[in-house]
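Trainee: What follows is a structure written as structure tokens; I'll ask about it next.
Coordinate-derived values only; no laboratory data. Here the structure is a predicted model, which is why all the values come from computation and not from measurement. Ideal geometry is used to build each Cβ from the backbone, glycine not excepted, and the neighbour counts take in all protein chains shown.
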Amino acid sequence: MDTHNQPPKLMDRVKAIMRVKRYSPRTVKTYCYWIRYFIRFNGLRHPASMGGSEVKAFLEYLALQRYVTAATQNQPPMLLFPLSACTGRSFTGVRGLLG
């Protein structure tokens, strides 16, 4: 199989975009953790096929069932920025959750 003609995978694109924007390696690792968690929560679907309702459901799950801290609940940009940059999609319907 020729891998030279395939576009980079999602997480490789996320990491590349964040490196260009000079995020620290620890921040990149944390963002990637939450993106992977989000993808697993949604049945391993690609974020390009998801929208704001999936992000909202994920954030509600974190708040109501996983009892994450308020600081974590205030981090949807952790999902939205890299996913929007990599998929070219705007995750509408989530901005109201940002407070």
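Trainee: Tabulate in residue order the Karplus-calculated ³J(HN,Hα) for the stretch 24-33, using 6.51 cos²θ - 1.76 cosθ + 1.60 with θ = phi - 60°, rounded to whole Hz; enter x for Gly and Pro.
Mentor: With the stated coefficients, the stretch 24-33 comes to 5, x, 5, 5, 4, 4, 5, 4, 4, 4 Hz.
Trainee: Residue 68 to residue 4: FRET efficiency via 1/(1 + (r/R0)^6), r the Cβ-Cβ distance, R0 30 Å, to the nearest 0.05? Could you put the intermediate results ahead of the total?
Mentor: Numbers: r = 41 Å, r/R0 = 1.36.
In this case the efficiency is close to 0.15.
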